Amino acid sequence: MLSRDRETLITVEQVSKSFPLPDGKGEFTVLSDINVAVQSGEVVALLGRSGSGKSTLLRIMAGLIPPSSGQVFSSGKPLRGANDDVAMVFQSFALLPWLTVQENVELGLEARGISRIDRQQRALKAIDLVGLDGFESAYPKELSGGMKQRVGFARAFVLEPQVLFMDEPFSALDVLTSENLRGEIDDLWNAKTFPSKSILIVTHNIEEAVFLADRVIILGSKPGRVRGEVVIDLPRPHDRAHPRFKAFVDYIYTVMTNPEIEVTGIAPAKIDRVQSPYAMPLPHVRVGGISGLLELIVDQPQSREDLPRLAERLQLEVDDLLPIVDAAALLGFAEVAQGDVTLTPAGQDFATTTILRSKDLFRQQALQRIPVFTSMMQTLREKPNGAMRADFFLNLWNEHFPSGEVDRQFATAVDWGRYAELFEYDANEERLYLPEIAILNPPAEKIDR
Ligand SMILES: Nc1ncnc2c1ncn2[C@@H]1O[C@H](COP(=O)(O)OP(=O)(O)OP(=O)(O)O)[C@@H](O)[C@H]1O
Ligand SMILES: [Mg+2]
């Protein structure tokens, strides 16, 4: 596989195609106002019912027949005659029975005037790529259907086309053989060793389109026209077990059986996964540090202070001050803008009230603004004894932080949680527990006294 930069390889502009009616009176329209582009690096499927003009469109893009109106551009140039940028794989294999595998594969190269030695080398390479090593001198009648189509692929690969066209390449094969060959073609493409920059495949098999293609163009019938496209935004290889795979198949099936429906595609994959409360880092600051900072600022005019001056007053580097400021901001006690820290009303309240009330305020802010505390409290409340091993929480942090940092996150959460009287921590038993439970169920030895 060469470069996969976005580059338009083939463009079909306002192409229509009509054929004369058999009685010689008038004509019928097979394709009407088709606009399609094939970019490098993509697999495009043309999906439509029988008679919707898929093969006709492919033949026009390959330059085998001219459009009645409109134009095809290939590599930026208007197409006249056969399109050298493409090679075709046919449903019917289209092998010459009197030629060997190797001779069949070399045929197209001969037409392009390539020397005998080069032809041989390139053919052997292509035969190798499709897994027919050792069958070079066999005749088509000695081969199974699947092997014949492998020759069909080798014959197209050997030309190293910009775009590989395939017209229902697997539909003449039995189910297992087609499944096998389709998978191998997909593997080659995904391994980026494919001999063309993009693939255009015609099919009327929805699963095949969703499995192979990055984009499925849906053709309507009578006359053939583009109804719309569906972008298959699944990771490659497209996994049939992926829930969105089935959603794509179902959606396209609905569209294909309802000619009036507008083709819009399905909603893109949700990437904003729900964030775990344990993914948000707590700044490693003791509560005493936060209240000390707030008390220093609350005396300033408008409860505002310049950060460097604050650092100077505290005899701290600005870098050491920042975690404390972050913690105050996280709790909603302060706001930082343009190098100034300003206390919020809650921050002013916290800095000036009594110890008891400041604990209430801290608890309220922590539960409202820091999801990890809500989550920890929920866990503890769900336990009948209101207690939980520290391991349980450490494991949750472990998903998001390296091991040393996990312990620090835990230590900070315990410091803040204890101060706010949300929970208590027994370091010997390594358990967190709700303080009210401790009062209701005092330890056994205390009852004895
Ligand atoms: N050379 C031709 N002369 C007259 N009519 C033609 C010619 N080629 C195709 N047609 C007609 O054009 C229509 C579309 O044919 P085409 O083969 O492009 O359809 P398709 O979508 O590939 O169908 P299928 O899925 O059966 O292969 C059909 O009605 C067909 O009979
Ligand atoms: Mg066809």
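Read the figures in this text as sums done on the coordinates, not as results from a lab. Small disclaimer: the values here were computed from a predicted structure and weren't measured. Glycine gets a Cβ as well: all are built from the backbone with ideal geometry, and neighbour counts include every protein chain shown.
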From Cα pairs below 8 angstrom and at least 6 apart in sequence, can you work out the relative contact order of the chain, rounded to a whole percent?
13
Per residue of the stretch 77-85, what does 6.51 cos²θ - 1.76 cosθ + 1.60 with θ = phi - 60° give for ³J(HN,Hα)? Whole Hz please, x for Gly and Pro, Karplus curve as stated.
10, x, 7, 10, x, 4, 8, 6, 7
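Go ahead and run the numbers for FRET between Phe392 and Asp23, Cβ-Cβ distance against an R0 of 60 Å, rounding to 0.05. Intermediate values should be presented prior to the final figure.
Details: r = 82 Å, r/R0 = 1.37.
So the FRET efficiency works out to roughly 0.15.
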Under the Karplus relation 6.51 cos²θ - 1.76 cosθ + 1.60, θ = phi - 60°, what is the ordered set of whole-Hz ³J(HN,Hα) values for the stretch 186-202, x standing for Gly and Pro?
5, 4, 4, 5, 5, 6, 6, 10, 6, x, 9, 7, 8, 10, 10, 10, 8
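Take every Cα-Cα pair in the chain and report what % of them are more than 31 Å apart. Please report the intermediate quantities before stating the final value.
Working: 61204 of 100576 pairs.
That fraction is 61 percent.
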Please check: in the Gaussian network model of the chain (C-alpha springs, under 10 Å), which one of Ile370, Ile114, Ile60 has the largest mean-square fluctuation.
Ile370
Tell me which lysines have Cα within less than 18 Å of Lys25's Cα, excluding those fewer than 8 residues away on the same chain?
Lys17
Dipole moment magnitude, nearest 20 debye, the chain about Cα centre, only Lys, Arg, Asp, Glu C-beta charged:
1560
In debye, nearest 20, what is the charge dipole magnitude of the stretch 81-171 about its Cα centre with +1 on Lys and Arg Cβ and -1 on Asp and Glu Cβ, if you could check?
140
If each Cα of the stretch 164-211 is one equal point scatterer, what is log10 of I(q)/I(0) from the Debye formula at q = 0.14, 0.27, 0.33 Å⁻¹?
-0.33, -1.19, -1.39
When the convex hull of the C-alpha atoms of the stretch 276-342 is computed, what volume per residue in Å³ does it have?
90
Calculated P(r) tail over 29 Å for the stretch 279-437, as whole % of Cα pairs:
22
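Which net charge results for the neighbourhood of Asp407, defined as the other residues with beta-carbon distances under 13 angstrom from its beta-carbon, given Lys and Arg at +1 and Asp and Glu at -1? Show your work: numbers first, answer last.
Values: positive: Arg408; negative: Asp391, Glu405, Asp415, Glu430.
Overall, the nearby charge balance is -3.
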Tell me the label-point distance for the pair His400, Ala267, using the 7 Å Cα-to-Cβ offset, in nm and rounded to one decimal.
2.4
Candidate lysines - alpha carbon under 25 Å from Lys246, same-chain residues fewer than 8 apart omitted:
Lys54, Lys270
Skipping prolines and chain starts, which residues have an amide H placed within reach, meaning under 5 Å, of the one on Ala37, given they are 5 or more residues away or on another chain?
Val12
Stretchable slack from Asn385 to Lys77, in nm (0.36 nm times residue separation minus alpha-carbon distance)
103.2 nm
Show which lysines lie in cross-link reach of Lys383 when reach means a straight Cα distance below 27 angstrom and same-chain residues fewer than eight apart are skipped.
Lys359, Lys446
Say each of Asp118 and Met280 gets a label point 7 Å from the Cα, pointing the same way as Cα to Cβ; how far apart are those two points in nm?
6.5
Length gained, Val336-Arg313, 0.36 nm per residue minus C-alpha separation, equals 6.5 nm
In what sequence, highest mean first, do 145-153, 406-414 appear when ranked by Cβ atoms within 10 angstrom?
145-153, 406-414
Highest-MSF residue in the chain out of Pro345, Pro161, Pro243 [GNM, Cα springs under 10 Å]:
Pro345
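Counting helices only, and only those DSSP H runs with n ≥ 4, report the 222 nm mean residue ellipticity of the chain as the sum of -39,500 (n - 2.57) divided by its residues, in deg cm²/dmol to the nearest 500. Mind dumping the intermediate values first?
Numbers: 17 runs with 189 residues, N = 449.
Using -39500 (n - 2.57) per qualifying helix, the result is -13000 deg cm²/dmol.
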Counting Lys and Arg as +1 and Asp and Glu as -1, what is the net charge of the other residues whose Cβ lies under 13 Å from the Cβ of Glu312?
-2
